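Inspection log for the structure reproduced underneath, given as structure tokens.
The values are calculated or read from the model by the stated rules, or taken from the named source; none is laboratory data. Everything numeric in this text was worked out from a predicted model, so none of it was measured. Ideal geometry is used to build each Cβ from the backbone, glycine not excepted, and the neighbour counts take in all protein chains shown. Ligands, DNA and RNA are stripped out before the accessible areas are found, and what is left, the full protein with its side chains, is counted by its heavy atoms. Shrake-Rupley method; radii C 1.70, N 1.55, O 1.52, S 1.80 Å.
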Amino acid sequence: MAATLLDGKALAKKIQAELAEQVAVFTEQTQKVPTLATVLVGEDPASQVYIRNKIRSCERVGMESRHIPLPADVSQEALMEEVQQLNRDDTVHGILVQLPLPDGLDAQPILDAILPAKDVDAFHPENVGLLSQGRPRYLPCTPHGVIQLLHRAGIETAGKHCVIVGRSDIVGKPLGLMLVQRQSGCGPTAANATVTICHSRTQNLRDITKQADVLIAAIGQAEFITADMVKPGSVVVDVGINRGENGLVGDVAFEEVSEVAAAITPVPGGVGPLTVTMLLENTLRAAQHQAATQTESA
Ligand code: NDP
């Protein structure tokens, strides 16, 4: 393997240690513990793993979590009422509704109902709007994780051609928005990219991906990006998580692309651990913001 491995697991541990210190200071100053509420509807095994992971991560950095499991046949109204109760609860700083919701439930009105100040996933239209204007309240977790991974490995995006394959509202689109801004939370070198976003209707995909200095795959198809789609010496970030017979694989054919790229993220152990870490960071920011607002209005 020629490529340098971008180790998301190790970086997540480091950032979580930094967050733990910040949480301790916040708690000492305010006598409050940043608290994340997680809502899980139904018993989807992958969602259960994600939620368990988020709860454990909260504990690791000294935050609290409040888990609300609901049956798969919960009504839209009852789910909405849970969200409204969490909105009203001053001891809850961040709210996360685990997606996807079971068939029959409409996720959009539920996500829209979360108070923007508690929207630690940064999915609310107000938060998306602020992000698109370059003045984010919270940074969306997976895109922020990708940017942290690049930045802390010393990989600059400024002036580079970043090609993102995938245009979802969770990964591709917000990541494109962040990379194209003049500034990022990690400074201007971790922004200012020339961004191309590709999707299933993109023609001549390989011609475009081969131009990428930084290629980011967020497709949801196992080993879709092959070595012949990658520019030699480029950086490849694999957001994909696909469950197959041999466990988890990404959207990138890791072995062969490693021979071409200069740096690459593994799956698992790449972007995934950073997604959770950025959720913790947003929960701390939410708690800080809400504490400051309460002090002002007292
Ligand atoms: P979506 O299914 O919402 O989006 C997939 C995107 O890939 C779509 O824009 C789709 O295009 C595009 N696409 C699909 N097939 C092709 C193709 N043949 N050629 C080009 N583009 C294609 O997925 P998500 O963005 O939610 O997730 C993507 C992957 O990332 C998944 O594997 C998911 O599990 C993983 N993920 C990982 C996270 C992490 O923390 N590591 C967090 C979130 C997601 P179109 O819009 O035209 O359909």
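Observations on the structure shown:
- Using the Cβ-Cβ distance between His289 and Ser200 with R0 = 22 Å, the FRET efficiency computed as 1/(1 + (r/R0)^6) comes to roughly 0.05.
- Ordering of 212-219, 161-168 by burial proxy (mean other Cβ atoms within 10 Å per residue, highest first): 212-219, 161-168
- Nearest-ten-degree value, helix 141-152 long axis tilted from longest Cα axis of the chain: 60
- Net lengthening on full extension, Ala10/Ala158 (0.36 nm per residue, minus Cα-Cα): 50.8 nm
- Inter-centroid distance (Cα atoms) of region 269-298 relative to region 117-144, Å: 12
- Cα gyration tensor shape of region 34-114, rounded if a/c is under 1.5, else prolate or oblate by comparing a/b with b/c: oblate
- Applying 0.36 nm per residue to the separation of Ala107 and Val49 and subtracting their alpha-carbon distance, the gain on full extension is 18.9 nm.
- Taking the longest Cα principal axis of the chain as reference, the axis of helix 45-60 is set at about 70 degrees.
- Within the accessible area of the chain (1.4 Å probe), percent carbon and sulfur: 51
- If you take the Cα centroid of region 195-267 and the Cα centroid of region 25-83, the two points sit 32 Å apart.
- Extent of region 1-136 along its three principal axes (Cα atoms, max minus min coordinate, largest first): 47, 47, 33 Å.
- Packing here is the average count of other Cβ atoms within 10 Å per residue, and on that basis the peptides 233-246, 99-112, 2-15, highest first, run 233-246, 2-15, 99-112.
- C-alpha long axis of helix 271-297 to longest principal axis of the chain, angle in °: 40
- Inter-label distance for Glu77 and Asn246, nm, one decimal - labels placed 7 Å from Cα along Cα-to-Cβ: 5.1
- Gln211-Arg56 pseudo-label distance in nm [points 7 Å out on the Cα-to-Cβ vector]: 4.3
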